[in-house]
Amino acid sequence: MVKFNRIRELYTIPDFCATEFGGLPKGIFYWRKLIMPLVTSTEMFRKAYHGGYAIGAFNVNNMETIQGIVEAGKETRSPLILQISMGARKYANMIYLKKLIEAAVLDAPELPICMHLDHGDTFEICKQCVDDGFTSVMIDGSSLPFEENIERTRKVVEYAHDHGVVVEGELGRLAGIEEHVVSEGHLFTDPDQVEEFVSRTGVDSLAIAIGTSHGAFKFKGKAQLRFDILEEVSKRLPEFPIVLHGSSSVPQEFVELIQKYGGNMQGAQGVPEEMLRKAAEMAVCKINIDSDIRLACTATIREHLANNPTHFDPRQYLGPARTAIKDMVKRKIINVLGSNDKI
């Protein structure tokens with residue numbers, strides 16, 4: 001079997017078709033294109049850390065969301081992390097989500113794509129996702145006492161690493177509500193614990209709490225992030241990838257559209273994009289974004305149905321919603337993450 005690279009795509013040519021490296025007999029046009037498989041986040045994070053940018057981890061639940069995110073990645077030439085929460089697995093069925101992500105890999109062979117479990121809270125869930133083909137998993141032991149968090153995280157790391165999968169751990173607790181993740185108050189990450197946690201667990205990245213929160217109602221007053229904690233953590237863990245959860249910015253134009261067309265999101269407020277960009281220029285290599293995608297999708301659907309009362313074909317309103325998702329993700333990639341043109 002003879003192999004050669006052409007425009008970053010690998011082609012495999014049967015021996016009987018190849019006369020020499022790079023040559024094909026006339027009249028024979030049979031070859032098979034091999035697609036870039038799902039990847040771990042290791043190389044993404046290494047480049048992001050040294051390049052002063054972050055990779056977007058976008059939650060996916062259905063076809064339109066995946067298509068919008070992947071189209072944005074293709075147009076901006078950005079690596080992507082497609083992450084699946086417990087709620088998404090219950091809603092869409094893991095078989096469907098896996099096949100949709102496989103389709104994304106086929107549709108965008110030039111993109112590095114990582115499939116990540118968001119907020120796995122037990123060893124069993126993480127093991128199942130490793131066995132199901134995820135290339136990255138998060139074990140969220142942040143609600144546990146420190147020693148129990150270490151024990152559970154280390155168990156997941158040992159199993160995942162044996163199967164070539166990377167692991168994200170978490171120290172500190174975010175406030176807010178997002179699917180099954182509920183917390184009534186912040187517990188900021190203690191920088192004095194991070195070195196011990198990373199060394200004893202062997203995690204590949206660490207989610208920390210510096211003031212972001214889950215959901216669309218992140219702040220009651222002025223938005224503030226504890227950059228002093230982030231800076232100290234990065235000193236304790238040089239060249240180690242840090243993760244921010246709860247990092248949607250809740251664009252007010254979409255909040256206003258939802259309010260205008262019958263919704264109720266009074267007081268919704270997110271993390272200012274300039275703060276997230278600052279974090280990306282420091283040690284943060286992964287920024288989770290979910291609520292902003294939901295807002296763009298929901299606002300667009302509400303507006304479309306209000307202005308087109310005779311429409312009942314889901315394609316008529318899901319098509320514009322998919323475009324709105326794509327535009328939102330492009331905005332994040334370019335203005336917040338800085339991951340455009342990084343492949």
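If I take R0 = 51 Å and measure r between the Cβ atoms of Leu144 and Leu305 in this structure, what FRET efficiency does the formula 1/(1 + (r/R0)^6) give, to the nearest 0.05? The computed FRET efficiency comes out at 0.70. Based on the convex hull around the alpha carbon atoms, the stretch 194-288 presents an average projected area of 6.6 nm². Among 132-142, 303-313, the peptide with the highest mean count of other Cβ atoms within 10 Å heads the list, and the full ranking is 132-142, 303-313. The listed peptides 326-338, 222-234, ordered by packing as a protection proxy, come out as 326-338, 222-234 (highest mean of other Cβ atoms within 10 Å first). Stokes-Einstein diffusion for the stretch 207-343, with the hydrodynamic radius set to the Kirkwood value over Cα pairs and evaluated at 20 °C in a medium of 1.002 mPa s, equals 132 µm²/s. Along each principal axis, taking the top coordinate minus the bottom one, the Cα set of the stretch 25-174 gives 67, 37, 30 Å in descending order.
Values quoted throughout were computed directly from the atomic coordinates according to the rules given, and no laboratory measurement underlies them. Computed from a predicted model, the values in this text were never measured in an experiment. Positions of Cβ are generated from backbone atoms using ideal geometry, with glycine treated the same way; all protein chains shown enter the neighbour counts.
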